[in-house]
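Chemist: Below you'll find the structure I mean.
Please treat every number below as a calculation from the coordinates, not as lab data. The model shown is predicted, which means the values in this text are computed figures rather than measured ones. Note that each Cβ is placed from the backbone with ideal geometry, even for glycine, and that neighbours are counted across all protein chains shown.
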Amino acid sequence: MIEIENIELTYLNIDDYQQLKDAMIESYTMMPEAYWKEKQIKTLIKKFPEGQAVIKINNELAGCALSIIIDYKKFENKHTYKEITGNYTFNTHNPDGDILYGIDVFIKPEFRGLRLGRRLYDYRKELCERLNLKGIAFGGRIPNYHKYSGSMTPKEYIEKVRRKEINDPVLNFQVSNDFHPSKVLKNYLEGDEASNDYAVLLEWDNIYYEQKQTKASVSKKLVRLGLIQWQMRPYKNMDELLQQAEFFIDAVSGYRSDFALFPEFFDAPLMADDNHLTEPEAIRNLALHTPAIIQRFSELAISYNINIISGSLPEIKDNRLFNVGYLCRRDGTVERYEKLHVTPDEVKVWGMEKGNKLQVFDTDCGKIGILICYDVEFPELSRLLADDGMDILFVPFLTDTQNGYSRVRYCAQARAIENECYVAIAGSVGNLPKVHNMDINYAQSMVFTPCDFAFPANGIKAEATPNTEMIVIADLDIDLLRELNQFGSVRNLRDRRKDIYELKMLNK
């Protein structure tokens, strides 16, 4: 048992060369000539000092990881070790490249079992993130393959290793460190008889990678939501309703929120003057206000520097009645979304028709989806949006009873878990005695998260007091979703059995 006084992870220095050479000879017993010459190590250190890391135990070199940066598109998935290193000159190293390529990693035999290899791999990952590279790649040896090469192909061997039918300590270690096999490389490393000259191309994706911007813009990773739990009350006219809306926009903007979310049909109080009409006539009159409301919301989005999700409003298009909403961005652009599943009551009372448009919206805070009330009870919609890169799902809703609210609330929370995203719901409270079909309202606005260690244990980030007019402010960390997708206790998006079922849009 080694008595350890200290462990140090540091950069490789040329003064370490003799220890490095001895350690490589000791580590690669099946390839005794497989060690780097001093001139080559000097070149590596000069070109990319950060990429050459060593672990020392009691000041003795115990392990090493050597790396370069390459422009991956020049090599793609087919290459040899000789090609990737520029015939061992490392002239393939490109500081402006996009992939950190692992040249070598080893631990001296007497220091194995101390998880030192994991420390070196973790350093590479941190370096990759710090340099904003797309990921890490390297050709991994399969040193036990020679025992099975007469009875199975490399692909079959890798599959048996994955199923734990064969033990390959090198490949098992790499997979346990989140590297995924992407291709078998033939004739990769000259002289690697133990692997029959085969290697496995292993890759790790940097979930924090950001493509270099060609224009001055910022994509936020910490996003603040402002949910408006709207009180249904009588208003003299639309101007008074819009004054109340601006009050809430001002409030959530004052807390530097990135989004303001209004409920479904928050403008319903304006139907009070038409209560003498039939319900279909009254809501069609209400639809006449929609263009002016959206115009005003777009102006407020710019002046208060906030993205406004207008909840939903009735709209007449080609003499047909739809339930729609608008995303009013703070840059002045406006986009429309539709309710795809209308409730039986909306059809029976108003003659509302189904929409057909489903899409993810790009914002300065990432990709978002918007589903109106009943739509969140159909899991296929959220899954399609998640497949398209959605990070936050917004759900404006309107429910009269606690039963109806519970359907929206629990379905919305399920969508957060199964799609590894945040879900924000906002509804209206209070009564409208003079508006048919809108007389009572029940709501508790909430923000849901996935359920894993980085999130609240109950999956609830923030919640309003039930049936009380108020705002909810919540901060969301988008990077936590990336970590969940890669390292979560369970991986709902990645573990889907696409080999036995699929979900796709019939038309976009």
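Chemist: Show which lysines lie in cross-link reach of Lys186 when reach means a straight Cα distance below 24 angstrom and same-chain residues fewer than eight apart are skipped.
Modeler: Straight-line reach from Lys186, under 24 Å: Lys73, Lys74, Lys78, Lys82, Lys147, Lys155, Lys160, Lys164.
Chemist: P(r) for region 399-508, please, calculated from all Cα pair distances in 10 Å bins and given in %.
Modeler: 13, 35, 28, 18, 6, 0
Chemist: For region 402-476, which chymotrypsin sites (Phe, Trp or Tyr not before Pro) pass both filters: DSSP loop (anything but H, G, I, E, B) and at most 12 other C-beta atoms within 10 Å?
Modeler: Answer by residue number: Phe453.
Chemist: By how many nm would the segment from Glu299 to Glu418 grow when fully extended, if each residue of separation counts as 0.36 nm and the alpha-carbon distance is taken off?
Modeler: Using 0.36 nm per residue and subtracting the Cα-Cα distance, I get 39.2 nm.
Chemist: How long are the semi-axes of the equivalent ellipsoid of region 240-343, defined as square roots of 5 times the Cα gyration tensor eigenvalues? Whole Å, largest first.
Modeler: Taking √(5λ) for each eigenvalue gives 25, 15, 11 Å, largest first.
Chemist: Name the trypsin sites (Lys or Arg not before Pro) in region 225-298 that are in a loop by DSSP and that have at most 15 other C-beta atoms within 10 Å, would you?
Modeler: Here the sparse-neighbourhood loop sites are Lys236, Arg256.
Chemist: If you don't mind, another one. Modelling each spin label as a point 7 Å along the Cα-to-Cβ direction, I'd like the Lys47/Asp364 distance in nm, to one decimal.
Modeler: Between Lys47 and Asp364, the label points sit 4.2 nm apart.
Chemist: Then there's this: With θ set to phi - 60°, apply the Karplus curve 6.51 cos²θ - 1.76 cosθ + 1.60 along region 334-348 and write out the HN-Hα couplings as whole Hz, x wherever there is a Gly or Pro.
Modeler: With the stated coefficients, region 334-348 comes to 9, 9, 9, 10, 10, 7, 8, 10, 8, 6, x, 5, 5, 6, 5 Hz.
Chemist: Counting only Cα atoms, I'd like the Rg/Rh figure for region 7-205, Kirkwood definition for Rh.
Modeler: Taking Rg over the Kirkwood Rh, I get 0.94.
Chemist: Sum -39500 (n - 2.57) across every DSSP H segment of at least 4 residues in the chain, then divide by the residue count to get the 222 nm mean residue ellipticity, nearest 500.
Modeler: Counting only the DSSP helices, I get -8000 deg cm²/dmol.
Chemist: Over all directions, average the projected area of the Cα convex hull of region 222-487 and note it in nm².
Modeler: It is 12.6 nm².
Chemist: Further question on the same structure: What residues have an amide H closer than 5 Å to that of Asp192, excluding those fewer than 5 places away on the same chain, when H is modeled at 1.01 Å from N in the peptide plane?
Modeler: Sorted by chain and number, the residues that satisfy this are Asp197.
Chemist: Within 10 Å of each candidate Cβ there may be at most 15 other Cβ atoms; applying that plus a DSSP loop requirement, which trypsin sites (Lys or Arg not before Pro) in region 453-491 survive?
Modeler: Arg491
Chemist: Lysine pairs, Cα distance under 24 Å, 8 or more residues apart or cross-chain: how many in region 222-487?
Modeler: The number of close lysine pairs in region 222-487 is 13.
Chemist: Now for a separate question. Where in region 276-294 does the amide nitrogen come within less than 15 Å of the point 7 Å from the Cα of Asn431, taken along Cα to Cβ?
Modeler: What the label zone holds, given the 15 Å backbone N cut-off, is no residue at all.
Chemist: Can you give the longest run of the chain that contains no GluC sites (Glu not before Pro) sitting in a DSSP loop with at most 13 other Cβ atoms inside 10 Å?
Modeler: Value returned for the longest uninterrupted segment is 211-501.
Chemist: For the chain, just list the percent of Cα-Cα distances falling in each 10 Å bin from zero outward, please.
Modeler: Taking every Cα pair in the chain, the percentages come to 4, 16, 22, 17, 13, 12, 9, 5, 1, 0.
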